[in-house]
Each structure stands twice: as C-alpha cells, then as structure tokens.
Amino acid sequence: MFLLYWVTKLLIIMTEIEFRNLIDSSISSQQRFRNRWESMDEDDTVSLSAERSASILTELSERLDDNYPFFHPRYAGQMIKPPHPIAIAAYVMAMQINPNNHALDGGPATAKLELEVVGEIAKMFGYGEHVGHLTSSGTIANLEALWVARSIHPDKAIAYSPNAHYTHRRMCEVIKARSIEIDLTNLETLESEFKKGTIGTIVVTIGTTGTGSVEPLHDILPLAKKYGVRIHADCAYGGFFTILARIPDPIIAPEPFLSLHECDSIVIDPHKHGLQPYGCGCVLFKDAGAGKYYKHDSPYTYFTSKELHLGEISLECSRAGASAAALWATLKAFPLRADEGLGTILRKTRNAAVVWSELISTSKVLNEYCKPDLDIVIYFPATHDFSASSVSAATEKLFTAAMKRSESPLYLAAFSVPSSAIAKNFPSFKADAPITKVLRSVLMKPEHDRFVTTIFKEVSALSEGIH
Ligand SMILES: *Cc1c(COP(=O)(O)O)cnc(C)c1O
C-alpha cells in the first residue's frame, strides 16, 4: 500500500514536470518569435507588478476550486474533460501571438494549420473535395450547416428527430427556416413525409447528446436520395468514433459511420472527443460549391492575398488561430487512426461503457435505460414501487448522495427520459408521470476503462441503500 502511494505520487510529479516543460517551450517559442524584431519597452499602462499578478492569480485559483474534478474518472457525469497537455501547450504557444483565423492577414500560419486539420477530419469521414472550417462550437457549426440547407431549399423544411440537440430547433428559428420534428426510426412514416416533398434537409445525429445513440443513417440515406432530401449529419459528439468503424471487428455498429461520406454536410466537435479546449467545433460540406453562400465583401480585411480566406467561408468573423494550432499539434501526437492515437483512446471509453452495461445486466439494484451505442450509459435505481415517481425520487437521492460523500465522492449526471420509453422495456413499470429522471454517465476518459467496476460497485451500494 505504502509503495503504491509513492509510485502514484512519483508518477503525478513526473507528469507535472513534463507539463511544465511543455509550457516552458511555449514561452521560449514566443521569446524566439519576438527576438526577430528590435527590442521594445513595454508601455507603462500595461505593466503589472509581479506581486499584483500573483495575488490576482491566487484569488482566481481559489475561485476556481469551486469546480468538479472533470479530469478524474470519479467525474462520470456530463461531457466534460480537460484538454490534453499537448493541446494546452500548443494553444498557449499560438495564443501569445494571438492570430485571428478570420483572414490570412490575421493568421497566415494558423490558417494553413486549420486547412490541414480540417482536411484530416474530412478524410476520416471519407470526404474527397470539400469545403469546411473550424468554428467556436458545435452549435455554430450546426447553424452554418442549417443556414446553407435553408439557402439551398428556402421554401422547404429542415427535419430532425426528437433526440436531436435542442439547438437545432432554436437555430431554425434564428434563420427563419421552417422545421419539423420527425421519428427517424420509423422508415415508413419517414418515407411518407419525404414523399410530400416538403422537407429539404434532414438532420441525422451520430451520437445523441443525451444517450450517445447513433441514428440509422445507413437506412435513411437511400430514402433521402430517392426523394432528393439533403442530409446533415450532426456528429458533434460521436464523429471521432468513425475511426473505429473500419477495423475488422468493430466495437461499435459501423454502418452509420460508413455512410457519412454520402452526407451533404457534417459537424464534429473537437472540443468533445478531440482532446481540445472549448472553442473548437468544425463544419464540413461535401460540395465545395457551398462556399458561395458565404460570399460577402467586407471592406476591412483581405489585403495580402488572393487565396481563399477562412473568413470568406465562415459565418463567424474573429476566431482563435490558437484553436487550429492546438488541434494540429494534438492530431500529430494522436492521429485519427484505429490502432494508435485517438483510436486507442476511444476503444477504452467505448469498452468502459460495454463493461458497465454488462455489469448492470447482472444487477438487482440498477437497471439500464438503453444499450450504449458509444460511451454514454443511462441507468436508474430499481425501486420497490417500480414507478416513474419513485424512480425519479431515487435517482435524485442517489445523485446527491454520491456527490456529497465526504470520502471519494462520485459525480454523475441526472437525465430526463419519457416514462413510456422505460415502460416499453420494463412491463411492470408504472408510468405515473410523463417524465422519469434517470442517471447518465458519459465515460469519455480512457481512465474510465479501468475505473468503471469501482464506479459500478459504488453506485450499486448507494442504490441498495435507497430503494
Ligand atoms: C454538443 C452537441 C452539440 C452542441 O455543440 P456545442 O459545442 O456544445 O455548441 C450539437 N449536437 C450534438 C449532437 C452535440 O453532442
């Protein structure tokens, strides 16, 4: 036990030293960059004493203690984890220059890096020629795809399933596009909707935000083609799992992922499964001609080049060039491959969910809401009076009890599901309220793979104490 403590401690210290070295090289890089020009005195108005800086940062550090341990496998709640140290170091390196990827004048180097990483992501999906760029979020990336969808079919509706991200409806309001909710699992109703000729684009979600479910893109695609309906794939969460779809024994159902290259547009969030800090989404269009919808003639920017500026193909203006630098460095270290890099990380997160699901199938105190398609598990405590209201109450108790434990707290997330969906799988369930609160764990850290049995045991023990 004693030895294990010191081995762990030593590993933590070594990781910390490595991280400091990375940040050091970011600072040296900036000094080297500045030294290319004559030295310059910093102006008095921006000077700040070391003591004052230190005291402000001490105060900030204390304020930041009011947070959950997103880095730790004990945090098994929402879709949050810190970026990889290489992404942080690269971001810090580029941020000191603060390039703006809006225009080539604003960030020549990082604009090139952006085109490279976007090209790699497009290749992962099987896109050939394409147009695309990074955005500040998945929501903005989706907004751009919906905006192009509306520009192509101004008189037709945009359709999405009830499980699509809530921002699709909202963004359709923003762009004044007619939108409808549609069940994507029932192909007959889908076809009858398509037949009416009123739907221009359909949003298919590859990894829903709630349950990580992958909608049946491969089944929808032939129908959409038959009726000339465009497809936008919202892969904000699940997109990187495409890496695992082409291996001989895929640990995810590969079909939807293998159809992605036929979609008209795709969105993916590198700030979710791409090890990036927030501020990094990405939108891609299969037809490079989509660029024409973005055309504008702002008088402020483009001076030095006749090449295409990223600002000419994006709705946003200023964007951090540092985001492109961070993603570029991360993909060098963790390439989009199944057998190394990001693929090995995703295998572990997926495996954690598979193991969790298997453990629950043997449990008397926990039930599974649905099988995980990716690495998100949804479960709920078994209650004596097996009803929506008792399960909701038990969920809330368990959720709070887990977080409030003085030793080794556990952070889960609560999630609302239609009671009718539970009743379908559990005939004895009494749907005495339309919505049931259940538990949700996004197992998006590779460390969850080793830790998942511990979490399961602890959640089971808590559940036993409650029901
Ligand atoms: C997270 C997510 C979004 C929204 O992305 P943000 O980066 O949070 O703005 C959209 N769609 C899906 C499927 C998501 O998982």
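Side notes on the structure shown:
- Spin-label pair K123/L64, simplified geometry with 7 Å Cα→Cβ offset, distance in nm: 3.5 nm
- Aspartates and glutamates with Cα under 17 Å of K295, excluding same-chain neighbours fewer than 8 positions away: E144, D287, E307, E312, E316
- Inter-site label distance for E407 and R169 at 7 Å from Cα along Cβ, in nm: 4.6 nm
- Amide H contacts of V204 (H built 1.01 Å from N, under 5 Å, at least 5 apart or other chain): H232, A233, D234
- Within straight-line cross-link reach of K196, lysines at Cα separation under 24 Å, skipping those fewer than 8 residues along the same chain: K156, K176, K225, K226
- Spatial separation of Cα centroids for segment 127-150 and segment 349-387, in angstrom: 34 Å
- For segment 106-143, applying the loop criterion from DSSP together with a ceiling of 16 other beta carbons within 10 Å to the GluC sites (Glu not before Pro) yields E129.
- 12 Å beta-carbon shell around H130, net charge (K/R +1, D/E -1): -2
- Environment charge of A141, counting only residues whose C-beta is closer than 13 Å and scoring Lys/Arg +1, Asp/Glu -1: -2
- Annotation note: chymotrypsin sites (Phe, Trp or Tyr not before Pro) in segment 175-240 located in DSSP loop regions with a Cβ neighbour count of at most 16 within 10 Å are Y227.
Just so you know, all these numbers are worked out from the coordinates, no wet-lab data involved. All figures in this text were calculated on a predicted structure; none of them were measured in a lab. So basically every Cβ, Gly included, is an ideal-geometry build from the backbone, and we count neighbours across all protein chains shown.
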